[in-house]
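Enquirer: Structure in structure tokens, see below.
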Amino acid sequence: MDVSFQAQQVIENINYVIFWLAVFLLAWNAYFLAFNKGVPNIRTAPAIRNKIIEFLKKDSEKRGKKTYNIIDLGSGNGLLTREIARHLPHAQVTGIETSKTAFAWSVKMRDQCKIKNLEYKRADFFAYDMSEVDAVVMFQGVHFMEKIGQMLHKKLKKGTLVCSNKFALGDGWKPDETLNVRTLYPFQKKLYIYYK
Ligand SMILES: C[S@@+](CC[C@H](N)C(=O)[O-])C[C@H]1O[C@@H](n2cnc3c(N)ncnc32)[C@H](O)[C@@H]1O
């Protein structure tokens, strides 16, 4: 077989792979734009999840409240909320999720795991009442952080703990702590902690 023919075949194969990769990426983005408000349903890295649980435990012990209310803004498939609810059995955990499939999956897993102190709301978290909330956790899209910052300034009571994976809050929030966390996830290395 002639060498230039072989080279042409290799180029054609590369083009083929690039084409289907581009189609896949477009479909992936279109899906999350349509059903997840543009924020891909990616879970929080285990190492960051453990840190969040540490902060929640410390804060709930410090407050000594009978019911410590935690919400997850965009709870995805619910793994983070399940782990929080398991580690803080005295707390009430609520996951707020817009996607129908992610919401349904979370409810199913919660029921299968028989977790009692965990509930889900299929809703837009921008419209959620946060007056009784003691702690907020989130892993949101960078394009929402300014709007979320504004909302939390308006809605949270003084002293509420906020843990944000990967992106800092906008609207002038200054983190009380910024943690660099070693994780196996290439794009999740930072955790921002705030007390309103
Ligand atoms: C990156 S996932 C985070 C999942 C989970 N909280 C975790 O950390 O493992 C973000 C989720 O937020 C949801 N979401 C984005 N905007 C939302 C909104 N305004 N209201 C409710 N859910 C929203 C998306 O559908 C997506 O499932």
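Enquirer: If I take every Cα pair under 8 Å that is 6 or more residues apart in region 21-141, average their sequence separation and divide by the length, what percent do I get for the relative contact order?
Expert: 28
Enquirer: Rounded to the nearest percent, how much of the accessible area of the chain (1.4 Å probe, protein heavy atoms only) is carbon and sulfur?
Expert: Its accessible area is 60 percent carbon and sulfur atoms.
Enquirer: Quick one: 3J(HN,Hα) in Hz for region 91-105, Karplus 6.51/-1.76/1.60 with θ = phi - 60°, rounded, Gly and Pro as x.
Expert: Once θ is set to phi - 60°, the couplings for region 91-105 become 8, 10, 10, 10, x, 10, 9, 7, 6, 5, 5, 5, 4, 4, 4 Hz.
Enquirer: May I pose another question? Across region 136-147, in residue order, what do the Karplus-derived ³J(HN,Hα) couplings come to in whole Hz, using 6.51 cos²θ - 1.76 cosθ + 1.60 with θ = phi - 60° and x for Gly and Pro?
Expert: These are the phi-based 3J(HN,Hα) values: 10, 10, 6, 9, 10, x, 4, 5, 9, 5, 5, 5 Hz.
Enquirer: Still on this structure, I have one more. Against the 2.2 N^0.38 Å scaling, with N counting residues, where does the chain land? I'd like the Cα-based Rg ratio to two decimal places.
Expert: 1.25
Enquirer: How large is ³J(HN,Hα), in whole Hz, for each residue of region 115-128 in order, when computed from phi with the Karplus curve 6.51 cos²θ - 1.76 cosθ + 1.60 and θ = phi - 60°, using x for Gly and Pro?
Expert: 8, 8, 9, 9, 9, 10, 10, 8, 7, 8, 5, 5, 9, 8
Enquirer: Enter the accessible area per residue of the chain (Å², integer; probe 1.4 Å; all protein chains in place).
Expert: Per-residue accessible area for the chain comes out at 58 Å².
Enquirer: Which of SER106, TYR195, PHE144 sits farthest toward the positive end of the charge dipole of region 46-195, with +1 on the Cβ of Lys and Arg and -1 on the Cβ of Asp and Glu?
Expert: Checked the options; the winner is SER106.
Enquirer: How high is the FRET efficiency between GLU119 and ASP2 when r is their beta carbon distance and R₀ equals 45 Å, given to the nearest 0.05?
Expert: 0.10
Enquirer: Taking 25 Å as R0, compute the FRET efficiency from the Cβ-Cβ separation of MET109 and LYS147 and round it to 0.05.
Expert: Efficiency at R0 = 25 Å is approximately 0.30.
Enquirer: Here's something else I'd like to know. Reachable aspartates and glutamates from LYS100, Cα under 14 Å, same-chain residues fewer than 8 places away excluded?
Expert: In chain and number order, the partners are ASP124.
Enquirer: Mind checking the dipole of region 115-196: about its Cα centre, +1 per Lys or Arg Cβ, -1 per Asp or Glu Cβ, Debye to the nearest 20?
Expert: It comes to approximately 140 debye.
The values are calculated or read from the model by the stated rules, or taken from the named source; none is laboratory data. Every value quoted in this text rests on a predicted model; they were computed, and no experiment measured them. Reconstructed Cβ throughout: ideal geometry from the backbone, glycine too, with neighbour counts over all protein chains shown. Heads up: the accessible areas ignore ligands, DNA and RNA and are worked out on the full protein's heavy atoms, side chains in. Shrake-Rupley method; radii C 1.70, N 1.55, O 1.52, S 1.80 Å.
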